[in-house]
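Notes follow once the structure below has been shown.
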Amino acid sequence: MGNYTIIADTSAYLIELLQKALVPELISDVSEIGLRSPEEKGDIVLGVFLYDVRQSEEVFQQLRTVAKERISKPPLYLSICYMITAYGKGDAMYRLIQEEQILGRVIQIFYDNSIIPIERIDSQTTGDFDLHIQMMNPDIDEKSKIWSFPNVSNRLSLFYKVSPIAIDSAVSRKFSRVTEVDIHVGPKPEK
């Protein structure tokens, strides 16, 4: 079950996955792949930008028991959305080819790893659901809204959703289980 760090843990896992697959073949150093807003890209060659967190509509929630005598609110299931942008180096022609190669490899990586067992994200949990990485297809207007950074021109980017991300409630309450039942059949005993 997910704790409040699950969003950051998921982002870290995706960065590590990309670093292992892209360095040194397409990107020279792991430090060139990271979480970064397009307006603060710095020396990043591949920026991963978490731009949206919303409640997942894909998972039905129900009460569950936490311990023998405690019950908790159900976990909150989220979908988190990323924009992934490549920033090639060098002259324009080489840079554009490099960016297309990097983005093509990212598509391949996420396609090949589209289901992530929750234990890989959080070794302390054996969650209810594996995480799914899904490519999104926002239209040009949606992309423009996401790319609304002042003084930053739009770039070719990929958009992915990871879900269901579970955040457990910190609220629980005590309850008593029925441990004994006294059933009498027949006439009511006289007193």
Antiparallel bridge percentage (DSSP; both residues within the chain; nearest 5): 90 percent
Helix-only [θ]222 nm of the chain, DSSP H runs n ≥ 4, -39500 (n - 2.57) each, per residue, nearest 500: -8000 deg cm²/dmol
Euclidean distance between Cα centres, segment 113-186 to segment 5-23, Å: 16 Å
Close Lys-Lys pairs in the chain, where close means Cα under 16 Å and separation is 8 or more or interchain: 4
Contact order relative to length of the chain, as percent, for alpha carbon pairs under 8 angstrom and 6 or more apart: 29 percent
Listed residues V181, V48, V23, most fluctuating in the chain (Gaussian network, C-alpha, under 10 Å): V181
Per-residue Cβ neighbour rank within 10 angstrom, fewest leading, I71, I121: I71, I121
Acute angle (nearest 10 degrees) that the helix 6-22 long axis makes with the longest principal axis of the chain, alpha-carbon atoms: 40 degrees
For Rg and Dmax of the Cα atoms in Å, calculated from these coordinates, the label among (1) 23.8, 100; (2) 16.2, 47; (3) 16.7, 52: (1)
Extreme residue, positive dipole direction of the chain, given options P24, M135, T10 (C-beta unit charges): T10
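No value in this document is a laboratory result; all are computed from the given coordinates. Please read all numbers here as calculations on a predicted model, not as lab measurements. Cβ sites come from the backbone with ideal geometry, for glycine too, and all protein chains shown count toward neighbours.
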